[in-house]
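Values quoted throughout were computed directly from the atomic coordinates according to the rules given, and no laboratory measurement underlies them. Computed from a prediction, not measured in an experiment: that's the story for all the values here. Using ideal geometry, Cβ is built from the backbone for each residue, glycine included, and neighbour counts are taken over all protein chains shown.
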Amino acid sequence: MKNAIKRFLNYLEAERNSSELTLKSYRADLASLCYFFEYEDGSLPAPSDFTPSDLREYISEMGEAGYARTTIARRLATLRSFFKFCQREGLVDDNPAKPLRNPRKHRHLPHFLSSEEIARLLEAPDISKPMGARDKAVFETMYSGGLRVSELVGISDEDLYLEEGIVRVLGKGKKERLCPLGSFAVKALRKWLSNRITDSKLRSGAKTPVFVNRWGRRITTRSIRRMMEKYIRQVGLDSRTSPHTLRHSFATHLLDGGADIRSVQELLGHKSLVTTQIYTHLSTAKLKDVYERSHPLAAE
């Protein structure tokens, strides 16, 4: 990946005669992409490993973080140019950024799952197997606490307070917050932790990751996205479903259940109430659907 970026920047400078300011902008945008997808050992996926779904997750995270639409649009343009160059150089077969569209003036309502769909997903992993117990604990924890996938992978043993039903996470801007864990999440975590085997090479004094891969090393956000894709196919959920969908569902279900918006804002770790207000639109849309299906004079 780093070699591909270097070749791309050289191409812009030598063949496109791009200015230093333009090169600086492209370099910063691609550094952001690398930071988001970097593995725990510091390595990066190859250009051919990226999918449109991966890049949508990246764009979605920027939107939730409050990036301006102009910034997101510029980074999208950088992605299209970079992967177009990679396609021309034979590094990728297709441009994964091509299907992506610039953010519109009005935000789309985020995709969320119904309570029944959440239940299907949570019951999908085979908990008689260690990795199945881990996967269930991942889903239960994300949904119970409304966690971002980046927050989930960063949890270490010292962040868990299972007796109190709380997990401490590091959110956007390195801001800590405490998130609730329901009884189902606590039960799933206890089962997983009783089966977990961590890497014997974990250095002395290092934090022990709660969620690890089959080799005992801290799981990555990319691995969780792939895990989710496997289960949504298995239980037949909407293909738009991603790890972030559990966070959207968490917020929507709280508001549907009567929670006030400021409490939801705190639980999600949103800096601005404006970011949280998108979920009130989801609840309103649901009420309107119920009205139209139930009221005798709602439609002709």
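Among the trypsin sites (Lys or Arg not before Pro) within region 232-284, those in coil by DSSP and having at most 15 neighbouring Cβ atoms inside 10 Å are 240, 271.
Counting Lys and Arg as +1 and Asp and Glu as -1, what is the net charge of the other residues whose Cβ lies under 13 Å from the Cβ of residue 14? Kindly include the intermediate steps, with their values, before the conclusion.
On the way: positive: 6, 7, 16; negative: 13, 15.
Once all neighbours under 13 Å are counted, the net charge is +1.
Cα centroid distance between region 231-276 and region 1-27, in Å? Spelled out, the Cα-based centre of one part sits 38 Å from the other.
Taking 35 Å as R0, compute the FRET efficiency from the Cβ-Cβ separation of residue 40 and residue 20 and round it to 0.05.
Working: r = 34 Å, r/R0 = 0.96.
Calculated transfer efficiency: 0.55.
Sparsely packed loop sites in region 151-204 (the GluC sites (Glu not before Pro) outside DSSP H, G, I, E and B with at most 14 other Cβ atoms within 10 Å) comprise 163, 164.
Using a simple charge model, +1 on the beta-carbon of Lys and Arg, -1 on the beta-carbon of Asp and Glu, nothing else, what dipole does the chain show about its Cα centre, in debye to the nearest 20?
720
By the Kirkwood approach, averaging reciprocal distances over each pair of separate Cα atoms, the chain gets a hydrodynamic radius of 21.1 Å.
Of the GluC sites (Glu not before Pro) found in region 1-53, those that fall in a DSSP loop while having at most 16 other beta-carbon atoms within 10 Å are 15, 38, 40. Size of region 2-88: Rg and Dmax of its alpha carbons, in Å, are 13.0, 36.
Measuring against 29 Å, Cα to Cα, the residue pairs 174/230; 2/98; 98/129; 98/175 contain 174/230; 98/129; 98/175 as the ones spanning a longer distance.
Tell me the net charge near residue 43. Cut-off is 13 Å between Cβ atoms, residue 43 excluded, with +1 for each Lys or Arg and -1 for each Asp or Glu.
Numbers: positive: 2, 217, 222; negative: 38, 40, 41, 49.
Spelling it out: positives minus negatives among the neighbours equals -1.
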